[in-house]
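Chemist: Sharing a structure with you now.
The values are calculated or read from the model by the stated rules, or taken from the named source; none is laboratory data. These numbers come from a predicted model, not from an experiment. No Cβ is skipped: glycine too gets one built from the backbone with ideal geometry, and neighbour counts run over all protein chains shown. Note: accessible area is taken over every heavy atom of the protein model, side chains too, but ligands, DNA and RNA are not part of it. Shrake-Rupley method; radii C 1.70, N 1.55, O 1.52, S 1.80 Å.
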Amino acid sequence: MLHIARATCGSQALSRRATPCHIRPTTPDQKAQCSAQQNGSVSVTGREGELPDPLIGPYDGWVDGVYCLEMGVRDYELDQFGVVNNAVYANYFQHAIHDGLERLGIDCDAYARANLGLAITDMRLSYKAPLRSKDRFRVLSGVSRVTGARAVMDEVILKSVTNGDGEEKDMVIAKCQVTMVVLDGDYKATRLPAAIKDVFTTLMQEASASSGGHSEYYMC
């Protein structure tokens with residue numbers, strides 16, 4: 001199980017993002033990624049038939065092995081009861097994963113061009129409280145398990161609320177566990193590329209090492 005700390009999306013995360021170029025470039029592709037990050041772009045496109053190397057940590061936008069993405073509710077996502085439709089939460093969780101992978105230098109389009117598709121084979125959601133029009137929220141994502149053929153990510157949606165005493169706290173809106181695999185050109189599951197597996201393993205270890213140091217955390 002992955003323990004996700006409240007502090008993950010706070011000032012610590014912002015200060016880490018503000019540090020220019022968190023990577024230690026060694027290959028030409030990684031040096032190009034570093035230059036792109038310093039210029040305000042952290043995604044990697046990759047050329048036809050080539051796979052970009054994942055960034056070497058610490059990773060931009062990732063703090064203690066957990067990625068935080070702030071989002072907002074759009075009116076067209078509401079159902080007839082004025083709350084976000086249950087099906088929309090899967091989009092939130094999947095978008096957070098894709099955004100986090102891009103910040104790791106893992107370009108899903110580049111892998112698809114190389115006949116290696118990153119695919120979700122299982123997604124388990126639980127709903128705790130509703131989101132409504134104009135709500136702002138955060139999606140926290142982290143790797144909780146890695147094997148030779150798959151990676152499991154735990155995610156949680158948090159919304160900041162103010163209680164009767166005027167204190168701000170985080171409300172758990174929804175939780176999700178996602179299992180991802182890599183598909184080959186015949187759409188059959190294959191082993192995770194070594195570079196991706198190493199990155200996922202590092203993130204999992206960072207999250208595990210940091211979770212015990214927080215007084216309050218959420219378990220996905």
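Chemist: Just to confirm my numbers, what's the Cα centroid distance between segment 141-217 and segment 116-137 in Å?
Modeler: 12
Chemist: For residue 197, which lysines qualify as cross-link partners when the Cα separation must be under 27 Å and same-chain residues fewer than eight apart are set aside?
Modeler: Leaving aside lysines fewer than 8 places away in the same chain, those within reach of residue 197 are 31, 175, 188.
Chemist: If the cut-off is a Cα-Cα distance under 29 Å, which lysines reach residue 169, setting aside same-chain residues fewer than 8 apart in sequence?
Modeler: 128, 134, 159
Chemist: To continue, here is another question. State, as an integer percentage, the relative contact order of segment 89-220 based on alpha-carbon contacts under 8 Å between residues 6 or more apart.
Modeler: Working: 207 pairs, mean separation 34.3, N = 132.
Taking the mean separation of contacting Cα pairs over the length of segment 89-220, I get 26 percent.
Chemist: Right, next: Counting other Cβ atoms within 10 Å, which trypsin sites (Lys or Arg not before Pro) in segment 155-203 have at most 10 and lie in a DSSP loop?
Modeler: Details: sites: 159, 169, 175, 188, 191, 197; in loops: 188, 191.
When the trypsin sites (Lys or Arg not before Pro) of segment 155-203 are filtered for loop state and at most 10 Cβ neighbours within 10 Å, 188 remain.
Chemist: At 1.4 Å probe size, put 155, 167 in order of accessible surface, largest to smallest.
Modeler: Numbers: 155 0, 167 110 Å².
Sorted descending by solvent-accessible area, the residues read 167, 155.
Chemist: Would you mind telling me the share, in percent, of accessible area of segment 77-220 contributed by carbon and sulfur at probe 1.4 angstrom?
Modeler: On the way: 3220 of 7160 Å².
Summing carbon and sulfur atoms, their accessible area is 45 percent of the total for segment 77-220.
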